[in-house]
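Here the structure is laid out as structure tokens; the discussion comes afterwards.
The values are calculated or read from the model by the stated rules, or taken from the named source; none is laboratory data. What you see is a predicted model, and the numbers here were worked out from it, not measured in a lab. Cβ atoms come from the backbone with ideal geometry, glycine included; neighbour counts cover every protein chain shown.
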Amino acid sequence: MNILVVGSGGREHAIIMKLSESPMVEKIYAAPGNGGISKFAECFDVSATDIDGMVELAKKLNPDLVVVAPDDPLVLGMVDEMQKAGFKTFGPKKNAAIIEGSKIFSKELMKKYNIPTGGYEVFDDSEKAIEYIKAQNSYPTVIKADGLALGKGVIIAQNEDEAVEAVKSMIDGGKFGKSGSRVVVEEFLTGPEVSVLSFTDGKTLVPMISSMDHKRALDNDEGLNTGGMGTVAPNPYYTSDIAKECMEKIFIPTINAMNAEGRTFEGCLYFGLMLTPKGPKVIEYNCRFGDPETQVVLPMLEGDLAEIFLACYNHTLADCKISWKSGFSTCVVMASGGYPVSYKKGIEMFGMDEKGQVEDAFVYHAGTKLENNKFYTNGGRVLGITCFGLTLDAALERSYTAVKKISFDGAFYRNDIGQRAKKALVENKDILDLDYKEDMENYISENGVYLRQ
Ligand code: AMP
Ligand code: GLY
């Protein structure tokens, strides 16, 4: 098989490196790709949101499969256009990608089908929104832009002033453009967060191993929100009981709801969950692999990713063998000084081999370019360095050892990736059942693989 992967981040690099392990895969193309990706795939300079350009590229390359990884092209309908042009494509069509593309759509879907989530109201008038917020008088409160906003469309307002400012900037101030002209005001939920990605063909849903993101820029969850500074898998808060509850109350009902709405979801459906005192609730759906969750989840996959992608397209996912390695995987993100606000690009990087890798680690390139066979930074999040270990500590030690081999001016990373997970392992020893992967596999083989009647 020849496969074209659309996208240019660490997530795409992880997808490409996993695909390259498949005996079925002969050649991988990426568009636009990046410096590190170019060592594993032939890159073409077509923007991920250029739908016509990408279809033209596919016509030139004639791949056996196209994988659309980022949210924007999915929400814009790239999968529909690729399929119309005759290409087998992995990813949801536009009418299903709306589950991420519109927060209002996803909240209404959950309300209609009784899928647990925070209470909310929708507004397109700032005065009415502010009136509601004042009447609720409960802080923090959560304000969400309806549409895609580069991951910045969620504001946790700590008081009335912050809430009013958020509402005004989105609805009246045009922050996030059309994406913010309607907002969701949502109940603030508490509890550990868990990311669960899943493969689905619309008939069968197979959850991947769970993971934990670290969103803030600095240690101890301080600093600004980022795209994600590191991840660990599995997430120790996600016990086998919680996994079963999520399967029954959230995952299967979501697939059923999308089918009932005539919006069958085929691709990777990402459940952003919060384990609240009243049970697991959905914080957000994403219509794609998470970044940097993919960088810890896919390395744990024991199965052929190319075969799984094809099966999602062909609606034969129930026939795929999918299992997960034991132990833990951890990813530490190296970012460029100033991220997530402003940062320089084009800084020379040292310590990686010819392929942009270091020993005993997967070095996933997020923002790099290659010039004269040297790697330079080309973004805020630059690399994600993933390692395995039979214990969380062992995986973390390897990731940090690998990180220290690589350097560039202004590089920074969090020193506490995995510490919260470690605390959970220690504190919850009695309730945690780390054999849940085996449990989950048994469960899936009994009822988890959902077959539409
Ligand atoms: P994202 O949508 O990825 O930008 O994430 C926003 C982050 O805001 C989530 O990862 C949560 O940590 C937080 N968040 C979103 N909705 C809520 C909520 N209803 N209650 C508490 N925290 C939330
Ligand atoms: N890491 C969160 C996301 O991909 O949206």
Q: Might you check whether a residue that is within 30 Å of residue 64 (Cβ to Cβ) and not β-branched (Val, Ile, Thr) occurs anywhere in the range 233-250?
A: yes
Q | Among the candidates 152, 175, residue that is within 16 Å of ligand 2 (Cβ to nearest atom), of a type in the set (Lys, Arg) and modelled with pLDDT under 95 | A | 152
Q: Mind checking which strands (runs of 3 or more DSSP E) fall wholly inside the range 213-281 and carry at least 1 residues that are within 16 Å of the chain's Cα centre (by Cα) and of a type in the set (Gly, Ala, Ser)?
A: 230-233, 267-276
Q.
Please verify whether residue 199 is away from ligand 2 (no atom under 15 Å from the Cβ), not aliphatic (A, V, I, L, M) and not in a loop (DSSP other than H, G, I, E, B), treating the condition exactly as stated.
A. yes
Q) Are there any pairs, at least 6 apart or on different chains, whose C-beta atoms fall under 6 Å, with the first in the range 275-289 and among the polar types (S, T, N, Q) and the second near ligand 1 (Cβ under 8 Å from one of its atoms), and if so, which? A) 276/189
Q. Only one of these conditions is not met by residue 150: (1) part of a loop (DSSP other than H, G, I, E, B); (2) hydrophobic (A, V, I, L, M, F, W, C); (3) surrounded by 13 or more Cβ atoms within 10 Å (Cβ to Cβ). Which number is it?
A. (3)
Q | Scope the range 210-229; condition touching a Lys or Arg at 6+ places or on another chain (Cβ under 7 Å), on the phi > 0 side of the Ramachandran plot and touching a residue at least 40 places away in the same chain (Cβ under 8 Å); matching residues | A | 228
(Q) Restricting to the range 137-149, count the residues that are within 12 Å of ligand 2 (Cβ to nearest atom) and over 14 Å from residue 175 (Cβ atoms). (A) 0
Q: State whether one or more residues within the range 154-162 are more than 15 Å from ligand 1 (Cβ to nearest atom), out of contact with any Lys or Arg (no Cβ under 6 Å at 6 or more places or on another chain), under 30 Å from residue 400 (Cα atoms) and not β-branched (Val, Ile, Thr).
A: no
Q) How do the pairs read when you match residues in the range 110-127 that are away from ligand 2 (no atom under 16 Å from the Cβ) with residues anywhere that are among the polar types (S, T, N, Q), using Cβ under 7 Å and keeping only pairs 6 or more apart or on different chains? A) 110/117; 115/254; 124/181
Q. Out of all the residues in the range 238-248, is one or more modelled with pLDDT of 95 or more and surrounded by 22 or more Cβ atoms within 10 Å (Cβ to Cβ)?
A. yes
**Q.** Residue satisfying condition, being within 16 Å of ligand 1 (Cβ to nearest atom), under 27 Å from residue 75 (Cα atoms) and surrounded by fewer than 24 Cβ atoms within 10 Å (Cβ to Cβ), within set 272, 279, 262
**A.** 272
(Q) Out of everything in the range 351-395 that is surrounded by fewer than 12 Cβ atoms within 10 Å (Cβ to Cβ) and over 15 Å from residue 37 (Cα atoms), what residue ends up being nearest to the chain's Cα centre (by Cα)? (A) 390
Q: Could you tell me which numbered condition residue 251 fails, if it satisfies all but one of (1) surrounded by fewer than 22 Cβ atoms within 10 Å (Cβ to Cβ); (2) over 20 Å from residue 365 (Cα atoms)?
A: (1)
